[in-house]
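**Student:** Dumping the structure here so I can ask a few things about it.
The values are calculated or read from the model by the stated rules, or taken from the named source; none is laboratory data. From a predicted model like this one, the values you see are computed outputs, not experimental measurements. Cβ placement follows ideal geometry from the backbone for every residue including glycine, while neighbour counts extend to all protein chains displayed.
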């Protein structure tokens, strides 16, 4: 684990891109903070759970998350996490992501990220190190965005509701029961929830369960047990929804 203030050196370097390596133990938590430059977080091992006021991102291995400069966020580790971080000037290259997002990291950008962590803070743009960083920026522009983000409501009451659903994904409380708790009609509840998150309550709950289940899969828990823990009636029902959202069955996700 590195010193908590080590990132300051990388953020204030004069070069447009810098890269830092840091390893963390299971369940390590990084308090809310911001960066003056855009940040790209990638883990070669373990899962990162990144939370902002606008939503949460689940970042398993072979995925990375792009955060815009100034976005306040926390990071929670599941498993022993080997984090590799890039700090990028917003104008370092055209076409970089304009929104916070999770992207797929294929073998080529993975190796470029790892190589970038060996580059010193100061380097010539005409040197091998400079060419490597320019190549890395080119690859970052091409990474496909993935649905590993769950939007979070700003409304205080809905925030409390969503935290309960996220923390207890097997709970079977209906939309009507939630509406009654919030002293709303069911119709008002559904409309208010969609206005706050951009998706329906049913879609949000399904996404929360799926993203939460990634943590247990990473721990090696059986697919059947994960399915039951997250409110699914059967392994097949869980696997079907998983493949529909993530493109592969849960058995193949971490290969």
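**Student:** Among 143, 114, 137, 132, which is the only one that is farther than 23 Å from residue 68 by Cβ, surrounded by 14 or more Cβ atoms within 10 Å (Cβ to Cβ) and in contact (Cβ under 8 Å) with a residue 40 or more places away in the chain?
**Tutor:** 114
**Student:** If I filter the range 172-180 for residues that are modelled with pLDDT of 90 or more, in a helix (DSSP H, G or I), loosely packed, with under 14 Cβ neighbours inside 10 Å and in contact with a helix residue (DSSP H, G or I) (Cβ under 7 Å, 6 or more places away or on another chain), do I get at least one hit?
**Tutor:** Within the range 172-180, one or more residues are modelled with pLDDT of 90 or more, in a helix (DSSP H, G or I), loosely packed, with under 14 Cβ neighbours inside 10 Å and in contact with a helix residue (DSSP H, G or I) (Cβ under 7 Å, 6 or more places away or on another chain).
**Student:** Residue 214 is checked against (1) more than 30 Å from residue 106 (Cβ to Cβ); (2) out of contact with any helix residue (DSSP H, G or I) (no Cβ under 7 Å at 6 or more places or on another chain) and fails just one. What number does that condition carry?
**Tutor:** (1)
**Student:** If you don't mind, there's one more thing I want to ask. Here are the criteria: (1) under 13 Å from the mean Cα position of the chain (by Cα); (2) touching a residue at least 60 places away in the same chain (Cβ under 8 Å). Tell me which single one residue 82 does not satisfy.
**Tutor:** Only one criterion in (1) under 13 Å from the mean Cα position of the chain (by Cα); (2) touching a residue at least 60 places away in the same chain (Cβ under 8 Å) is unmet by residue 82, namely (1).
**Student:** Among the residues of the range 15-62, count how many are closer than 23 Å to residue 147 by Cα and either without any contact (Cβ under 8 Å) to a residue 24 or more places away in the chain or surrounded by fewer than 21 Cβ atoms within 10 Å (Cβ to Cβ) (or both).
**Tutor:** Summing the residues that are closer than 23 Å to residue 147 by Cα and either without any contact (Cβ under 8 Å) to a residue 24 or more places away in the chain or surrounded by fewer than 21 Cβ atoms within 10 Å (Cβ to Cβ) (or both) in the range 15-62 gives 10.
**Student:** Here's another thing I want to ask about it. For residue 219, are the conditions met, namely being within 18 Å of residue 167 (Cα to Cα), surrounded by fewer than 14 Cβ atoms within 10 Å (Cβ to Cβ) and touching a strand residue (DSSP E or B) at 6+ places or on another chain (Cβ under 8 Å)?
**Tutor:** yes
**Student:** Filter the range 49-68 down to residues that are over 17 Å from residue 105 (Cα atoms) and outside any strand (DSSP E or B) and give me whichever is nearest to the chain's Cα centre (by Cα).
**Tutor:** If we take residues in the range 49-68 being over 17 Å from residue 105 (Cα atoms) and outside any strand (DSSP E or B), then 52 is nearest to the chain's Cα centre (by Cα).
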